[in-house]
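For reference, the structure discussed in these notes is given below.
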Amino acid sequence: MTAVVIPIVALDVSDRAGAEAMVRRLGDSCSFYKVGLELFAAEGPSVVAWLRDQGKEVFVDLKLHDIPNTVRGAARSVARHGASLLTVHASGGREMIAAAVDGANDGEPGGGCAILGVTILTSMDASGVEEAWGRSSVTVEDEVLRLAGLVATGGGAGIVCSGHEAAPVRAAFGDRLGLLIPGIRLPGGAAHDQRRVMTPAAAAAAGARWLILGRAVTAADDPAAAMAAVHAALR
Ligand SMILES: O=C(O)c1cc(=O)[nH]c(=O)n1[C@@H]1O[C@H](COP(=O)(O)O)[C@@H](O)[C@H]1O
């Protein structure tokens, strides 16, 4: 039997009205939402407060990457807004990850904001990694494992990676790192701009703790029905 996997719907919309409409459509079928760069840049922390008022958990996906002092302060601020999860780029380094963890623990309420390190974006394949990072001699899996090691030693709670790297990361790190898997598609769904995609059931079997549901749910004709299909696949 697979462990409990938590689906998180990405509110990749341009304003609060769009976010509220999606939350209303999904009702009780979703209790955890992601506020990413687009919505946070448009509405700021008020949208996080609104989601908390609706009784929802919130993942603030800002993918921070700056000097440790700046990231510490940003993580502290995000934690104070009541986020449960926050991302930083693992490539910012161990010291930066540790600063994010430190800042998130200073926050109120509860200090309950976990730091996740983004490894290799699911929109990249091996040739994209080679072009951007200049590392032709390693595989995506090797890079993900190396960056996961930085997150673990920096005290992060988990990593973001594609479902394709989930099993090797689980084998190397066990329960030490929780795995958040984006690039999720229902069987037969369009990949869009993603390169490394997986179905909910396969990602769960590979060891995911959280799944990010973006367009597979939010762009569906019936988002609630798509969400029901996700829940069915995870049962
Ligand atoms: O950190 C993320 O959430 C993330 C990391 C990653 O490597 N790839 C990735 O797609 N995401 C996010 O996951 C969501 C994917 O959206 P869809 O492609 O519509 O499922 C977006 O909100 C992305 O920002």
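The values are calculated or read from the model by the stated rules, or taken from the named source; none is laboratory data. On a predicted model such as this, the values are computed, not experimentally measured, just so you know. Neighbour counts are summed over all protein chains in view; Cβ atoms, including those assigned to glycine, are modelled from backbone coordinates with ideal geometry.
Only one residue in Ser91, Ser123, Ser84 is within 18 Å of the chain's Cα centre (by Cα) and within 12 Å of the ligand (Cβ to nearest atom), so which one is that?
Working: Ser91 fails: within 12 Å of the ligand (Cβ to nearest atom); Ser84 fails: within 12 Å of the ligand (Cβ to nearest atom).
Criteria check complete, one pass: Ser123.
Considering Glu143, Glu131, the condition of being out of contact with any Leu (no Cβ under 8 Å at 6 or more places or on another chain), crowded, with 21+ Cβ neighbours inside 10 Å, acidic (Asp, Glu) and over 25 Å from Arg215 (Cα atoms) is satisfied by Glu143 alone. Collect the residues in the range 173-199 that are more than 20 Å from Val60 (Cα to Cα) and either in contact with a strand residue (DSSP E or B) (Cβ under 6 Å, 6 or more places away or on another chain) or among the aliphatic types (A, V, I, L, M) (or both), keeping them in residue-number order. If the condition is that a residue be more than 20 Å from Val60 (Cα to Cα) and either in contact with a strand residue (DSSP E or B) (Cβ under 6 Å, 6 or more places away or on another chain) or among the aliphatic types (A, V, I, L, M) (or both), then Leu186, Ala190, Ala191, Val197, Met198 are the ones that fit. Taking the range 104-122, which residues are in contact with a Lys or Arg (Cβ under 6 Å, 6 or more places away or on another chain) and surrounded by fewer than 21 Cβ atoms within 10 Å (Cβ to Cβ)? Hits for the range 104-122 are Asp106, Gly107, Glu108.
Every condition in (1) within 12 Å of the chain's Cα centre (by Cα); (2) farther than 18 Å from Leu64 by Cα; (3) buried (at least 23 other Cβ atoms within 10 Å of the Cβ) holds for Leu180 except the one numbered (2).
Residue check: Val78 meets all listed conditions (1) surrounded by 18 or more Cβ atoms within 10 Å (Cβ to Cβ); (2) within 15 Å of Val9 (Cβ to Cβ) but one, namely (2). Out of all the residues in the range 57-72, is one or more touching a Lys or Arg at 6+ places or on another chain (Cβ under 6 Å) and at pLDDT below 95? No, that holds for no residue.
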